[in-house]
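Asks: Handing you this structure, nothing more for now.
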Amino acid sequence: MVEIVVDEDACVGCGSCVDDCPSDVYQMNEEKWKSEVINADDCMACLSCHEICPSQAMEHRDIHVAKRLYIDRKVSDVLNKII
Ligand code: SF4
Ligand code: SF4
């Protein structure tokens, strides 16, 4: 199972990962105004959030490569760094 961790110190609260994630994995914490993971089980490992996050605040652990539905060269580079 994939584990997703958001570094609150790095997150600048732009909300892009919330808007961009096709599986609604993230939401904004209303008090801290930081992204938080609410639905990691539905992550399909597209890594769009890594692409869009301006501060590279999230980390995927134990990612299941077979679940990837979309991949391009940039995403491959990101994936190769984290697995
Ligand atoms: S990898 Fe894709 S599905 Fe998973 S949290 Fe990021 S944007 Fe959402
Ligand atoms: S895209 Fe990055 S900086 Fe923006 S809310 Fe998500 S984790 Fe925070």
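The values are calculated or read from the model by the stated rules, or taken from the named source; none is laboratory data. These figures come from a predicted structure and were not determined experimentally. As a convention, Cβ positions derive from the backbone with ideal geometry for all residues, glycine included, and neighbour counts pool all protein chains shown. These accessible areas exclude ligands, DNA and RNA; they are computed on the full protein's heavy atoms, side chains included. Shrake-Rupley method; radii C 1.70, N 1.55, O 1.52, S 1.80 Å.
Asks: Between a residue in the stretch 14-26 that is in contact (Cβ under 8 Å) with a residue 40 or more places away in the chain and any residue that is surrounded by fewer than 16 Cβ atoms within 10 Å (Cβ to Cβ) and not β-branched (Val, Ile, Thr), which pairs come within a Cβ distance under 8 Å, given they are 6 or more apart or on different chains?
Replies: Hits for this filter: Cys14/Pro54.
Asks: Quick one: Ala66 ticks every box in (1) at pLDDT below 95; (2) part of a helix (DSSP H, G or I); (3) open to solvent by 90 Å² or more (accessible area, probe 1.4 Å) bar one, so which box is it?
Replies: Against the list (1) at pLDDT below 95; (2) part of a helix (DSSP H, G or I); (3) open to solvent by 90 Å² or more (accessible area, probe 1.4 Å), Ala66 comes up short only on (3).
Asks: Out of Ser48, Ser55, Ser35, which single residue is within 14 Å of ligand 2 (Cβ to nearest atom), small (Gly, Ala, Ser) and farther than 23 Å from Asn80 by Cβ?
Replies: Ser35
Asks: Any idea which of (1) loosely packed, with under 13 Cβ neighbours inside 10 Å; (2) more than 11 Å from the chain's Cα centre (by Cα) is the one Val5 doesn't satisfy?
Replies: Here Val5 clears every test but (2).
Asks: Now, a different point. Looking only at residues in the stretch 20-32 that are hydrophobic (A, V, I, L, M, F, W, C) and near ligand 2 (Cβ under 10 Å from one of its atoms), which one is farthest from Ile4 (Cα to Cα)?
Replies: Top of the filtered list is Met28.
Asks: Search the stretch 19-39 for residues being aliphatic (A, V, I, L, M) and either open to solvent by less than 20 Å² (accessible area, probe 1.4 Å) or over 12 Å from Met58 (Cα atoms) (or both), and hand back the single one that is nearest to ligand 1 (Cβ to nearest atom).
Replies: Here the answer is Val25.
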